[in-house]
Amino acid sequence: MTIPTDPKFTPDSEILTDVELREPRHFRVLLHNDDYTTMDFVVEILCTIFHKTQDEAVKIMLAVHEKGRGDCGVYPAEVAETKVSVVHGRARAAGFPLRCSLEEV
């Protein structure tokens with residue numbers, strides 16, 4: 001079996017190895033307090049969308065309630081944007097004004 005070769009390539013050809021790789025941008029996802037969204041709904045969102053344990057979700061929900069916002073985690077840009085969109089969609093479908101935002105890390 002003969003392997004086709006590129007006549008422009010020789011074993012002495014220079015191979016470019018200086019490729020600049022950058023880490024993807026990461027964003028912190030935050031939930032914001034309001035006077036209408038129930039604590040149970042916030043815990044459910046944290047467990048289902050952000051895959052938090054019940055205990056983690058309750059701690060974050062209490063931070064949202066007491067401090068005005070809670071940190072749901074840090075994710076690559078596209079993942080973070082998707083999670084924000086899903087939170088808003090589920091909240092609106094349930095009749096809640098829950099706000100979720102991104103903060104670049």
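The values are calculated or read from the model by the stated rules, or taken from the named source; none is laboratory data. Fair warning: this is a prediction, and the values are worked out from it, not measured in the lab. With ideal geometry, Cβ positions are generated from the backbone for all residues, glycine too; neighbour counts draw on all protein chains shown. Surface accessibility is based on the protein's heavy atoms, side chains included, excluding ligands, DNA and RNA. Shrake-Rupley method; radii C 1.70, N 1.55, O 1.52, S 1.80 Å.
A quick yes/no check of all residues on (1) open to solvent by 70 Å² or more (accessible area, probe 1.4 Å); (2) part of a strand (DSSP E or B); (3) in contact with a His (Cβ under 8 Å, 6 or more places away or on another chain); (4) free of Cβ contacts under 8 Å to residues at least 24 places away in the same chain:
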site: Leu21; (1), (2), (3), (4): yes, no, no, yes
site: Val29; (1), (2), (3), (4): no, yes, no, no
site: Phe41; (1), (2), (3), (4): no, no, no, no
site: Val87; (1), (2), (3), (4): no, no, no, no
site: Ala91; (1), (2), (3), (4): no, no, no, no
Please specify each residue of the stretch 93-105 satisfying the condition of being out of contact with any His (no Cβ under 7 Å at 6 or more places or on another chain) and exposed (fewer than 14 other Cβ atoms within 10 Å of the Cβ). Ala93, Ala94, Gly95, Pro97, Glu103, Glu104
Can you tell me which residue in the stretch 43-74 is most open to solvent (accessible area, probe 1.4 Å), limited to those that are charged (D, E, K, R) and not in a helix (DSSP H, G or I)? Arg69
Residue pairs within 9 Å by beta carbon, gap of at least six or interchain, first lying in the stretch 63-74 and more than 17 Å from Val87 (Cα to Cα), second open to solvent by less than 60 Å² (accessible area, probe 1.4 Å) and small (Gly, Ala, Ser), listed first then second, are Ala63/Gly70
Inside the stretch 75-85, the number of residues satisfying the requirement of being open to solvent by 60 Å² or more (accessible area, probe 1.4 Å) and not β-branched (Val, Ile, Thr) is 3
Output the residues belonging to the stretch 30-66 that are farther than 16 Å from Gly95 by Cα and in contact with a Leu (Cβ under 6 Å, 6 or more places away or on another chain). Lys52, Ala57, Ile60, Val64
